[in-house]
1. How many residues are within 26 Å of GLU144 (Cα to Cα), part of a loop (DSSP other than H, G, I, E, B), within 12 Å of the ligand (Cβ to nearest atom) and out of contact with any strand residue (DSSP E or B) (no Cβ under 7 Å at 6 or more places or on another chain) when one looks only at the range 90-125?
2. Could we say that ARG197 is within 14 Å of the ligand (Cβ to nearest atom) and basic (Lys, Arg) here?
3. I'd like the residue in the range 129-151 that is charged (D, E, K, R) and more than 10 Å from the ligand (Cβ to nearest atom) and, out of all such residues, is farthest from HIS171 (Cα to Cα).
4. Being surrounded by fewer than 19 Cβ atoms within 10 Å (Cβ to Cβ) and within 11 Å of the ligand (Cβ to nearest atom) is true for just one of VAL248, VAL209, VAL236. Which residue is that?
5. Have a look at TYR146, TYR133 and point out the one that is within 23 Å of VAL217 (Cα to Cα), touching a Leu at 6+ places or on another chain (Cβ under 7 Å) and modelled with pLDDT of 95 or more.
6. Answer with yes or no whether VAL68 is away from the ligand (no atom under 12 Å from the Cβ), closer than 25 Å to GLU223 by Cα and crowded, with 20+ Cβ neighbours inside 10 Å.
7. Do we find that ILE227 is free of Cβ contacts under 8 Å to residues at least 40 places away in the same chain, surrounded by 19 or more Cβ atoms within 10 Å (Cβ to Cβ) and among the β-branched types (Val, Ile, Thr) in this structure?
8. Say we look at the range 155-203 and pick out the residues that are more than 19 Å from the chain's Cα centre (by Cα) and aliphatic (A, V, I, L, M); which of these is surrounded by the most Cβ atoms within 10 Å (Cβ to Cβ)?
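The values are calculated or read from the model by the stated rules, or taken from the named source; none is laboratory data. In this text, all values refer to a predicted model and were calculated from it rather than measured experimentally. Here the Cβ positions follow ideal geometry from the backbone for every residue, glycine too, while neighbour counts run over all protein chains shown.
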Amino acid sequence: MKSHFEKHVLRHPPWYPILITATLFSFLGCQQSRRESAMQQGEDPYVRQRHAMVSKQIAGRGVKDPRVLAAMEKVPRHLFVPDNIRSHAYEDSPLPIGYNQTISQPYIVAYMTEQLVLEGDERVLEVGTGSGYQAAVLAELVPEVYTIEIIEPLSVTAREQIEKAGFENVHFRVGDGYLGWPEAAPFDAIMITAAPRQIPETLIGQLRVGGRMIVPVGQWHQELLLITKKEKDYSVKKLLPVRFVPMVRSRSDE
Ligand code: SAH
């Protein structure tokens, strides 16, 4: 792929790449101003990009739940990434959101959401609010979302963006997700979007019997696990290898 591109460029005069770059920049600049004017008119200028994201990256890779696909089609992911990388919001990758944290790749958000098998009347806990995007996708699907973030400024920005996107069913907490949210437990489902080294048993204690938890576990080699709470214990199903930021311990626990 790369060598093909290099060969292609070498066949042209030396100023050719500069010309391509200049043209690309003016094209992107034009796209940008078109988006800005659409925004001013109250339209969502990213509808087509979001549709392409859902069909290629998400449905194209096997996510089938129509409610999850509809939520991914609807939630404005670009609101949850920093301004300077907004034009990359619908790409097939995670993106930096500051404080060494990332917003997950769209496919992973959709895949993890689908694994929770949400029917529409659940109360869901998310650990690792980050940008707030995953919380917004959950808020599109269920009536109550509780989300915990350990880095306060991320939680503050996430809340602002979720409100801007029009959601009123997300409860925010700044604190240590290992402790969960006991006053709001038991939850029908729990999604953890940072990786603990071991299965977080305290959080399983906050799931109702029959409830599901999805969690990436491990340090270097992480595995996405689907846990189902039983009467006395729980079952664990390995889903796929993943790479998430670590779920850190709060200072008071150290
Ligand atoms: N769900 C997020 C992605 C989160 S990245 C999104 O949609 O953008 C993981 C987040 O988990 C980071 O913001 C990190 O600060 C947070 N985190 C790490 N350890 C935590 C802990 N113990 N409790 C709560 N949040 C934690």
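1. Here the count works out to 2.
2. So ARG197 passes the test.
3. Of the residues in the range 129-151, the ones charged (D, E, K, R) are 140, 144, 149.
Checking which are more than 10 Å from the ligand (Cβ to nearest atom) leaves us with 140, 144.
On the way: GLU140: 14, GLU144: 8 Å.
If we take residues in the range 129-151 being charged (D, E, K, R) and more than 10 Å from the ligand (Cβ to nearest atom), then GLU140 is farthest from HIS171 (Cα to Cα).
4. VAL248
5. TYR146
6. Numbers: away from the ligand (no atom under 12 Å from the Cβ): yes; closer than 25 Å to GLU223 by Cα: yes; crowded, with 20+ Cβ neighbours inside 10 Å: yes.
Yes: the conditions hold for VAL68.
7. Against the criterion (free of Cβ contacts under 8 Å to residues at least 40 places away in the same chain, surrounded by 19 or more Cβ atoms within 10 Å (Cβ to Cβ) and among the β-branched types (Val, Ile, Thr)), ILE227 qualifies.
8. LEU203
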